[in-house]
Every structure is written in C-alpha cells, then in structure tokens.
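**Q** Dumping the structure here so I can ask a few things about it.
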Amino acid sequence: MPPAVDVAELAAEVRAGSRGHIARAITLLESSRPDHRVAARELLAELAAYTGGSVRVGITGVPGAGKSTFINALGCRLIKQGRRVAVVAVDPSSRRTGGSILGDRTRMAELAANEAAFVRPSPSGRHLGGVARATRESMLVLEAAGYDVVIVETVGVGQNEIAVSEMVDTFLLLTLARAGDQLQGIKRGILELADVIAVNKADGDGEIPARGAARELAGAMRMMLPGDQRRPPVLTCSALTGVGLDEVWAQVLAHRAWLEEHHSLEARRARQQEDWMWTLVDAQLTDGVRESSKAIREEVEAAVRSGALSAVEGAERILRAFLAPPG
C-alpha cells in the first residue's frame, strides 16, 4: 500500500518554492484516487491563505496562431522584468485512449528551463473546453508557491473555451492574418468574452496583413459592443521578433487596473468560486454515475452500439442504476 501523503510537509515545501514538490502537489490534484482527493482538499485548505495574489491570464486562439511560442516569448520577457511565471498548458487528450500530446513543454523549452518559471502540461481528459479538471486547483498551488503571473493556455477556439474565462482575470484571444476570412472560425461567444485581442505573426511579409486583420477585428468589436461599453483593444505582435509583446502585456495590466477601478476584480473572482463549486459538483456526479453503473455499463454500451437500445433508453438505464437505493 502506498504511503499516505504528508499534507503539512507538502504544503510547506510548495510555499518554499520547491519545484519537485509543486509538481507532486499538482499530480495529487489530478489524481482520481479517493484518498488522494481527500489529501488534495486538505492541501488546498493549507494553502488557501497564500493564494489570490497573481495576475491570472487565460490565452486561447485559432489553431496555428502560435499560442505556445507567444507564451514562451512573453514569459521570458516577464522574467527579465523580475516576475515569476507559471504556465498550465492544457493538452487535448484522446477520448479513446486518454493519451495526450503534451507537446507544449517542447515549444516552451526556453521558458521551461528557467528557474523563475514553471511549465506544467495538463491533459484535458474527458472535460470539454480544453480545461482540465484540476486546472483551477493547480493555479492556486502555483500562486501559493510565489508565482505572480499564472497563464492558462487552452487547446483552441471553440464554444466550450468559455471555461477558461471563468477562472482568470484577463482572457486573451490570439489570432493571425492570412487565415481566409479573419472572423471565420472565431465564434461570436469567444469574441464577446475576450478582454484583449492580439494578432500574432506580425513580422516580415505578415506585418501588413496582420494590421489589416487587426482593423477588421476592431471594427467587428465596435459593431458587437456599441456605445460606451468597454471594448477589448486589438493589437498586433510577433512572438518571433518580440515586437508588440510589451504592448500586449501593458493591455493585460490595463484591463486588470480597469477591473480594480470598477471594483470588479473581487466580484469576478467570487463569481468564479461559485462556478468552480458547480463544476466540482458536476464532476463528482459524473464520477458517481460511472462508478454506480459499472455492473451494467458494458452491456448497455454494447446494446446502444448495436441499436438494440436507443441512446435515450441507455441513458435512462445508467441513471436508474445511479439513483437506485443501496442494496
């Protein structure tokens, strides 16, 4: 039997900034073992007083926009300014095998090797939107460890990417020019959630198209958010050359200052806590349904695949097994 987790010691080492213990703590948070879930809750309670002080940024974008390269370049820049940077890079997991690419660490090699940074690939598992179940909890561990910038990189643009906006202070949408219609593939819901928009790869022959794309997006935002509503600034940048990165970060900080000025930061985080509560309820219910239907699950799944049962009938049988009284 594996040894029990010494939560007090683990919490102390996390606060001391031990990279090995930070990794161990996040692995604990990602575990589905019942004893690990208990230890994870105790760990978060131990660390709660030391969380909440970081700038939380979510970064999403169209495929090929260069999110990982952008984060690598921005993170290295911020470290030179004296900040400590943590990245939770959520990788897509195979729905069939559960396997994950986990390639972001390779694309952030320079940042990952820096002692003032911590890069953690996190497989998304069964959870939609590219946000792993333990991502929020990982952010708290990283804050307690003293990282004052915590970045969450998501899989890509999609309606379910809203999940990331429910755990960060600023939601940054990264896009690029020369992708056909500049608005194609960017759903209205994502644009409405964006706090800052950056058109990447504005270098060489791509500089003029990037500026054109930025103008189009700025026009789209004026139509979507008329009047005196706050509209996200649209900038151009190049993760390759570093041009524009300082301006993008300045707008992230400006958005945070705007939240504080309007007394919205605390309200936003309080609402996120409520969202997190319901996310945990949903996750535990899902796990409970899967556990309680073990005895009949294979039989029901086979019947649904063969057409002997409809999906609706199969779902009803699974739920009956979950709701049945013990014994």
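**Q** Got a sec? Which of 313, 274, 301 is free of Cβ contacts under 8 Å to residues at least 60 places away in the same chain, under 30 Å from residue 171 (Cβ atoms), open to solvent by 50 Å² or more (accessible area, probe 1.4 Å) and not in a loop (DSSP other than H, G, I, E, B)?
**A** 274
**Q** It is to be established whether one or more residues within the stretch 252-269 are in a helix (DSSP H, G or I), polar (S, T, N, Q), out of contact with any Leu (no Cβ under 8 Å at 6 or more places or on another chain) and under 29 Å from residue 150 (Cα atoms).
**A** The answer is no; no qualifying residue exists.
**Q** OK, next. Considering only residues of the stretch 181-205 that are open to solvent by 10 Å² or more (accessible area, probe 1.4 Å), modelled with pLDDT of 90 or more and not in a loop (DSSP other than H, G, I, E, B), which is nearest to residue 56 (Cα to Cα)?
**A** Here the answer is 204.
**Q** Could you grab me the full set of residues in the stretch 231-251 that are open to solvent by 50 Å² or more (accessible area, probe 1.4 Å) and part of a loop (DSSP other than H, G, I, E, B)?
**A** 231, 240, 241, 243
**Q** Among the residues of the stretch 261-270, what is the count of those that are open to solvent by 90 Å² or more (accessible area, probe 1.4 Å) and either under 22 Å from residue 198 (Cβ atoms) or touching a residue at least 60 places away in the same chain (Cβ under 8 Å) (or both)?
**A** 0
The values are calculated or read from the model by the stated rules, or taken from the named source; none is laboratory data. All of these numbers come straight from a predicted model, not from anything done at the bench. Glycine also receives a Cβ, built like all others from the backbone with ideal geometry; neighbour counts cover every protein chain displayed. With ligands, DNA and RNA removed, areas are computed over all heavy atoms of the protein, side chains included. Shrake-Rupley method; radii C 1.70, N 1.55, O 1.52, S 1.80 Å.
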